[in-house]
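Working notes, structure below.
The values are calculated or read from the model by the stated rules, or taken from the named source; none is laboratory data. All values reported here derive from a predicted model rather than from experimental measurement. Cβ: placed from backbone, ideal geometry, glycine included. Neighbour counts: every protein chain shown. In case anyone asks, the SASA skips ligands and DNA or RNA and just uses the protein heavy atoms, side chains included. Shrake-Rupley method; radii C 1.70, N 1.55, O 1.52, S 1.80 Å.
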Amino acid sequence: MFRGHRRPVLTACLLALTLVAPPVWAGEHVVTQRNKSFSQKKLKVKLGDSVRFTNEDSFVHNIFSLSPAKSFDTGSFGNGQSKAVTFDKPGKVEIECAIHPDMRLDIEVEQ
Ligand SMILES: [Cu+2]
């Protein structure tokens, strides 16, 4: 049993817990680069999600996009290295590798 004068403390503690509770976390997806191709051709992500690209080939890859929804260029990165890209605008993002033009991945960023 809580005595009367303790209740405000308990209430304050519960309120504090509510305030620091995290919002819904943005997701992280993983796409690997192997044998000069992405592990998938299409991927749907939610707004705010990020995709981590991991290079499992013995040579370097690059990732870039000129799409209005996400224009970026990670630069090249080698075996075992990865790059994360966050998608903060809805729409279609066409991803390519500057070194291997046949490497393509379409990402749909949903609101
Ligand atoms: Cu490549």
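Quick notes on this one:
- Residues satisfying the stated conditions in segment 85-107, i.e. open to solvent by 60 Å² or more (accessible area, probe 1.4 Å), within 16 Å of the ligand (Cβ to nearest atom) and either of a type outside the set (Gly, Ala, Ser) or under 13 Å from residue 46 (Cβ atoms) (or both): 94, 99, 101, 102, 104
- Note on segment 35-111: enclosed strands (runs of 3 or more DSSP E) holding 1 or more residues that are free of Cβ contacts under 8 Å to residues at least 60 places away in the same chain are 50-55, 61-67, 70-77, 82-86, 91-96.
- Within segment 48-72, restricting attention to residues that are within 12 Å of the ligand (Cβ to nearest atom) and open to solvent by less than 30 Å² (accessible area, probe 1.4 Å), the residue that is farthest from residue 87 (Cα to Cα) is 57.
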